[in-house]
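Participant: This is the structure I want to talk about, given as structure tokens.
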Amino acid sequence: MTPSSRALARLTLSVLLLAWLPVKAVAAAPQPDAQLQPFSASYRLEVRGWPNATIEHDLTRESSHWQSRMQAAIAVARGNERSRFIVTPDGVHSVNYASGYSLLGMGGNYRLGSSELAELPDRQAALIELSRRALNGGCERDTCRLVYQDHRGREETLDYRLLGTDVLQLPAGEFQALKVEVSEPDTPERRMVFHFHPEYPGLLLAVDYQRDGERRSRLTLTSLRTD
């Protein structure tokens, strides 16, 4: 897989996103003020060497559970990812996770059940938790850490730091954004800068993926529907 395709997979499927939760994490659990709200968003993903892609992102409530779902497709690649989770006073807890990927006709499907997710969250649920912690604050001066599972159930570690707020002019409008810098301990030359919506936990306004100080890809919000 080429560096561009790895960047596409990273951003498309969790972007990050990527592509993060209240388990084994060096940070206080978020306070109840970071309440989830349903939304439906579209993003434009620009990756060097690839055609632009549209990513659909929906956060919906199903009784006591929430579901976060992302999907994207271009001519040579497609992917989808969804997570069901619950929100408790201690944070977000994954219930099940499923994803599927295809690049140039090759790919696979992956699932994580409640037993695999008992200790560490999947990355979709962790993305929600990361934004909730950004809303709660507390990591402006010191780097905090989140541990989660990738689509194969492998443990991953991310360090993050809150960088304050920005005002963004996007295709979907003008937004005040919470800015969070994320990196992996073993690859400090790579980092992602997330801009989260301050009122809708989990809603991405923009994401930049940088390597060696150069931006390699960018995701921006193009449309938003809320209840």
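The values are calculated or read from the model by the stated rules, or taken from the named source; none is laboratory data. Predicted, not measured: the structure shown is a model, and the values here were computed from it. Quick reminder, even Gly has a Cβ in these numbers, built from the backbone with ideal geometry, and neighbours come from all protein chains shown. The area values use the complete protein model at the heavy-atom level, side chains included, leaving out ligands, DNA and RNA. Shrake-Rupley method; radii C 1.70, N 1.55, O 1.52, S 1.80 Å.
Participant: If GLY91 passes every condition in (1) at pLDDT 85 or above; (2) under 17 Å from ALA134 (Cβ atoms) but one, which one does it miss?
Facilitator: (1)
Participant: Name the single residue, out of those in segment 54-102 being of a type in the set (D, E, K, R) and under 19 Å from LEU203 (Cα atoms), that is surrounded by the fewest Cβ atoms within 10 Å (Cβ to Cβ).
Facilitator: Of everything passing the filter in segment 54-102, GLU62 is surrounded by the fewest Cβ atoms within 10 Å (Cβ to Cβ).
Participant: Residue pairs, Cβ under 9 Å, 6 or more apart or interchain, first in segment 109-136 and closer than 15 Å to ARG82 by Cα and open to solvent by 10 Å² or more (accessible area, probe 1.4 Å), second outside any strand (DSSP E or B) and of a type in the set (S, T, N, Q). List them.
Facilitator: Cβ pairs passing all conditions: ARG123/SER14.
Participant: So which of LEU146, LEU170, LEU158, LEU205 ends up being touching a Phe, Trp or Tyr at 6+ places or on another chain (Cβ under 6 Å), at pLDDT 95 or above and open to solvent by less than 60 Å² (accessible area, probe 1.4 Å)?
Facilitator: Testing whether each residue is touching a Phe, Trp or Tyr at 6+ places or on another chain (Cβ under 6 Å), at pLDDT 95 or above and open to solvent by less than 60 Å² (accessible area, probe 1.4 Å) leaves just LEU205.
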